[in-house]
Amino acid sequence: SSMVIATGDLVDSYETEAKNGEMLRFQASQFLQVLKKSKAPVFLTLGNHDLTSYSWKNNARVSKQDNAGAARARWIREVPLFNDGTYYSHTVKVGATNYRLIFLDNSFYRFLPEENIENPYIDKAQLHWLRAQLQESPDDVEIILMHIPMKAAPGELVPSCELYPVLAKNPSAKLILAGHNHKNSVQNFTSGESKKMIQVQTGAFAQNKENWRVIRLTENNILVSVPGNTKTELTIPVN
């Protein structure tokens with residue numbers, strides 16, 4: 001079966017200030033109208049723009065996430081996929097292999113320097129849910145989908161965010177798919193049992209319509225295409 005996945009920044013903003021000072025909040029509704037036209041099932045994660053409020057001061061744009069709660073509430077109301085919350089999982093069986101697609105919400109990222117929080121940020125309740133998902137079945141293969149990618153210091157293979165050790169303890173988490181940085185890249189991180197965890201980023205579709213990848217799930221491998229092409233760039237064994 002086929003599906004379409006967008007890992008966040010579905011719209012420019014949750015709300016934007018108009019000339020008269022009114023905050024306009026219509027983009028999620030417009031996005032839903034586009035979504036309804038898809039002939040394939042669509043799965044989504046929220047990105048930072050989807051929680052962002054834009055206003056104006058001295059002819060300069062001011063970007064904030066102060067209304068993130070209201071933004072998430074709107075996405076939960078408007079998009080059926082999010083009706084039970086902004087993070088969720090979906091299972092797919094291919095031959096004898098069970099895949100668990102885990103969609104995270106790391107869309108809030110505006111922290112103060114003194115908070116010492118390393119993005120991507122996953123709240124505690126979501127981290128507990130993620131641990132349960134990773135341990136739900138002893139024989140499934142997990143794919144993590146999220147907006148803001150993990151990053152390691154130059155020359156390092158270990159990201160310093162709180163999410164990383166949770167994933168690293170579960171070597172059945174084979175692949176992370178992320179966006180946010182508007183670039184195409186493949187990174188290897190160390191994982192449990194001397195294995196590796198691969199993070200694939202795909203550039204912004206809004207910048208170039210060739211910024212897409214095909215991910216094929218087979219019984220024995222995950223096949224990741226080059227950007228804008230169906231040719232395989234990466235083969236990840238799952239057994």
Just to confirm my filter: which strands (runs of 3 or more DSSP E) fall fully inside segment 191-239 and include at least 2 residues that are open to solvent by 40 Å² or more (accessible area, probe 1.4 Å)?
195-201, 215-217, 232-237
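Okay, residues lined up against (1) without any contact (Cβ under 8 Å) to a residue 40 or more places away in the chain; (2) in contact with a strand residue (DSSP E or B) (Cβ under 9 Å, 6 or more places away or on another chain); (3) acidic (D, E):
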| position | (1), (2), (3) |
| --- | --- |
| L127 | yes, no, no |
| L134 | yes, yes, no |
| D140 | no, yes, yes |
| I144 | no, yes, no |
| I148 | no, yes, no |
| G155 | yes, no, no |
| V158 | yes, yes, no |
| C161 | no, no, no |
| A178 | no, yes, no |
Give F108, F31, F103 a once-over and let me know the one that is in contact with a helix residue (DSSP H, G or I) (Cβ under 6 Å, 6 or more places away or on another chain) and surrounded by 14 or more Cβ atoms within 10 Å (Cβ to Cβ).
F108
Whether any residue in segment 133-154 is open to solvent by 60 Å² or more (accessible area, probe 1.4 Å) and in contact with a helix residue (DSSP H, G or I) (Cβ under 8 Å, 6 or more places away or on another chain) is what I want to check.
no
Just give me the residues in segment 65-95 being assigned to a loop (DSSP other than H, G, I, E, B), within 18 Å of the chain's Cα centre (by Cα) and more than 20 Å from W129 (Cα to Cα), in sequence order.
Q65, V79
Here's a check for you: in segment 49-88, which residue that is of a type in the set (D, E) and farther than 20 Å from L127 by Cα is most open to solvent (accessible area, probe 1.4 Å)?
D66
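The values are calculated or read from the model by the stated rules, or taken from the named source; none is laboratory data. What you see is a predicted model; the values in this text were computed from it and never measured. Positions of Cβ are backbone-derived with ideal geometry, glycine not excepted, and every protein chain shown enters the neighbour counts. Accessible surface areas use protein heavy atoms only, side chains included; no ligands, DNA or RNA. Shrake-Rupley method; radii C 1.70, N 1.55, O 1.52, S 1.80 Å.
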